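Down below is the structure, laid out as structure tokens.
The values are calculated or read from the model by the stated rules, or taken from the named source; none is laboratory data. Just so you know, these numbers come straight off a predicted model, no measurement behind them. Positions of Cβ are backbone-derived with ideal geometry, glycine not excepted, and every protein chain shown enters the neighbour counts.
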Amino acid sequence: MTDTLTVGVVLKPQGIRGELKVKPYTDTAEDFAAFRRVFLDGEEYKVLSVRTGGGAVFLGLRGVADRNAAELLRGKEVVIPRSEAPEPEEGRYYVADLLGCDIVTEGGKVLGKLKDVRQASTDVYTLFDGSRDILFPVADGVVVAVDVENGTITVNEKRFYEVAVL
């Protein structure tokens, strides 16, 4: 497990007072209201204001006083310490904990390692099987079990091959 979690990325400055428009990687944009500090490029910023709208988060940070300062943060990842993140609900996991897990069938056959997660209404996982990327949606019946402690995600082999993009 990592000590930090990436919770969003700065899209652009918003207005002339240094506010940042952020694309959240959290379940909801409102999750940002709980953050008291964030890190961008390893530098700590105290959160002064948070507002949401249209699926985006608008952050006011101490030390980012105007549009020029905000422009320098465009494209930067917004990171928080794991210790300050809320515990995920039962059956939910942080993407950072899933990346690198082995994708295995119920019979124990290793299909590859989880390389990427694209968040959508149904998340799309990318696994690398040693020679190519394989995409598959986390649709009903595909993922049978997740064991973050042991680094495995178990899938139903039949259902996996029905939905996988090979």
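Let's see how each residue does on (1) assigned by TED's automatic domain parsing to the domain that holds LYS23; (2) at pLDDT below 95; (3) of a type in the set (Gly, Ala, Ser):
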{"position": "GLY112", "(1), (2), (3)": "no, no, yes"}
{"position": "THR126", "(1), (2), (3)": "no, no, no"}
{"position": "ARG132", "(1), (2), (3)": "no, no, no"}
{"position": "VAL142", "(1), (2), (3)": "no, no, no"}
{"position": "VAL148", "(1), (2), (3)": "no, yes, no"}
{"position": "THR152", "(1), (2), (3)": "no, no, no"}
Mind listing just one residue for me: the one in segment 4-25 that is touching a Ser or Thr at 6+ places or on another chain (Cβ under 8 Å) and touching a residue at least 60 places away in the same chain (Cβ under 8 Å) and, of those, surrounded by the most Cβ atoms within 10 Å (Cβ to Cβ)?
GLY8
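Yes/no matrix, rows are residues, columns are (1) surrounded by 17 or more Cβ atoms within 10 Å (Cβ to Cβ); (2) in a strand (DSSP E or B):
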{"position": "ILE80", "(1), (2)": "yes, yes"}
{"position": "GLU87", "(1), (2)": "no, no"}
{"position": "VAL104", "(1), (2)": "yes, yes"}
{"position": "GLY108", "(1), (2)": "no, no"}
{"position": "LEU114", "(1), (2)": "yes, yes"}
{"position": "GLY130", "(1), (2)": "no, no"}
{"position": "LEU135", "(1), (2)": "no, yes"}
{"position": "GLY141", "(1), (2)": "no, no"}
{"position": "ALA145", "(1), (2)": "no, yes"}
Here is a list: ASN68, ASN150. Which entry is in a loop (DSSP other than H, G, I, E, B), polar (S, T, N, Q) and more than 18 Å from the chain's Cα centre (by Cα)?
ASN150
Go through (1) surrounded by 14 or more Cβ atoms within 10 Å (Cβ to Cβ); (2) at pLDDT 95 or above one by one and return the number of the condition GLY100 breaks.
(1)
Search segment 45-62 for residues that are free of Cβ contacts under 8 Å to residues at least 12 places away in the same chain and pair each with any residue that is crowded, with 16+ Cβ neighbours inside 10 Å and in a strand (DSSP E or B) when their beta-carbon atoms are under 8 Å apart and the residues are at least 6 apart or on different chains.
ARG51/VAL57; ARG51/PHE58
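Give me the residue from segment 91-140 that is among the aliphatic types (A, V, I, L, M) and without any contact (Cβ under 8 Å) to a residue 12 or more places away in the chain and, out of that set, farthest from ARG159 (Cα to Cα). First the steps, then the outcome.
Residues of segment 91-140 among the aliphatic types (A, V, I, L, M): 95-96, 98-99, 103-104, 110-111, 114, 117, 120, 124, 127, 134-135, 138-139.
So of that shortlist, the ones also without any contact (Cβ under 8 Å) to a residue 12 or more places away in the chain come out as 110, 120.
Numbers: VAL110: 15, ALA120: 20 Å.
For segment 91-140, the residue satisfying everything is ALA120.
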Scanning segment 26-55 for residues that are within 16 Å of ARG74 (Cα to Cα) and either among the basic types (Lys, Arg) or buried (at least 18 other Cβ atoms within 10 Å of the Cβ) (or both), the one farthest from the chain's Cα centre (by Cα) turns out to be TYR45
